[in-house]
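What follows is a set of notes on a single structure, which appears directly below.
The values are calculated or read from the model by the stated rules, or taken from the named source; none is laboratory data. Note that the structure is a prediction, hence the values are computed from the model and not measured. Neighbour counts run over all protein chains shown; Cβ positions are idealised from the backbone, glycine included.
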Amino acid sequence: MTASQVSGRAVLARPQTARIVYYAFLIVLAAGCLFPLLWMVGTSFKTGADAQSSPTNLIPGHPTLSNYDSALHLLPRYFWNSTELAFLNVFGLLIVASLAGFAFARLDFPLRNAIFVAILSTALVPHIVYLIPQYVVFREYGWVDTHYPLWVPRAMTPVFGTFLMRQFFLTVPKELEEAARIDGASSLGIYWRIMLPLAKPALATVAVFTFVDSWNDLLGPLIFINSQKLQTLPVALALFQGEFFTNTAGLMAAATITIVPVLLVFLLAQKYFVQGISLTGLKD
């Protein structure tokens, strides 16, 4: 074997070595990300004694379904409250965000860009800053201990959703809009018949983020809801924690049940994430 052949093989081996190191790093990173999830699922099948004596073991020593039986008897009422709020948040926010994004992207009106920047700047204000004034206003409206504070503000002020929808609508070619206007379509008709069908990736992205945000909301129900019958799943998880003892296995079983709807929503919308928001609908 000549020296040139040896050097050539060495050059070919370098990319393969780098690729092996790269994939090994990704596997270790993925394992680190999956470990908490696997630990949660494994602990949910442990008995109370196993959860206390061997908390770091992923595989339960004496698997049991009693934790799921207790969680399924406790969670249904809270589950439907969370489902109702998630639906109202997603449905309301998609309507408002898509209309606002279409207006800022396609309609010409005075101070359009200045108003859009002002709306984006509100995202810089921490929620905790206006929490007390918000509570006072909702109390005057009679909304305390109702579900209104948990979905009306979020649906009516979709800053992130408006930004994302606007950025998508800006990518749609103007030729589609001009052709529709020549055919006599109004702005609302263009929004409904042209823009929305093309905006499925952006709509799916906004919907998933909104669903997760609503589903995991803990502070809102704690502040605005007093009745136990109106509470949501994040608050229900706290019922497994006492002053002196935490039912770790039961808590993990309830948490596992809680994340199932989030995983299902993501899997249903996954193909639209893959498509991305660059879809314009133009065909050759």
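Which one of these does residue 74 not meet: (1) free of Cβ contacts under 8 Å to residues at least 60 places away in the same chain; (2) more than 30 Å from residue 188 (Cα to Cα)?
Condition (1) is where residue 74 drops out.
Wholly within the range 161-228, which helices (runs of 4 or more DSSP H) include no fewer than the required count, namely at least 3 residues that are under 30 Å from residue 77 (Cβ atoms) and at pLDDT 90 or above?
Here the list reads 200-215, 219-224.
Would a scan of the range 189-208 turn up a residue that is in contact with a Phe, Trp or Tyr (Cβ under 9 Å, 6 or more places away or on another chain), without any contact (Cβ under 8 Å) to a residue 60 or more places away in the chain and over 24 Å from residue 106 (Cα atoms)?
No; the residues of the range 189-208 include none that is in contact with a Phe, Trp or Tyr (Cβ under 9 Å, 6 or more places away or on another chain), without any contact (Cβ under 8 Å) to a residue 60 or more places away in the chain and over 24 Å from residue 106 (Cα atoms).
Of all residues in the range 118-159, which are among the hydrophobic types (A, V, I, L, M, F, W, C), in contact with a helix residue (DSSP H, G or I) (Cβ under 7 Å, 6 or more places away or on another chain) and within 21 Å of residue 95 (Cβ to Cβ)?
119, 120, 123, 143, 150, 151, 155, 156, 159, listed by residue number.
Checking the structure you have, find out if any residue of the range 74-82 is closer than 30 Å to residue 166 by Cα and within 18 Å of the chain's Cα centre (by Cα).
Scanning the range 74-82, I find at least one residue that is closer than 30 Å to residue 166 by Cα and within 18 Å of the chain's Cα centre (by Cα), so the answer is yes.
Is it the case, given these coordinates, that residue 83 is in a loop (DSSP other than H, G, I, E, B), at pLDDT 85 or above and either in contact with a strand residue (DSSP E or B) (Cβ under 6 Å, 6 or more places away or on another chain) or surrounded by 12 or more Cβ atoms within 10 Å (Cβ to Cβ) (or both)?
no
Somewhere in the range 57-73, is a residue under 23 Å from the mean Cα position of the chain (by Cα) and on the phi < 0 side of the Ramachandran plot?
Looking through the range 57-73, none of the residues is under 23 Å from the mean Cα position of the chain (by Cα) and on the phi < 0 side of the Ramachandran plot.
Tell me, yes or no, whether the range 54-70 has at least one residue that is aromatic (Phe, Trp, Tyr) and out of contact with any Pro (no Cβ under 8 Å at 6 or more places or on another chain).
So far as the range 54-70 goes, yes, one or more of its residues are aromatic (Phe, Trp, Tyr) and out of contact with any Pro (no Cβ under 8 Å at 6 or more places or on another chain).
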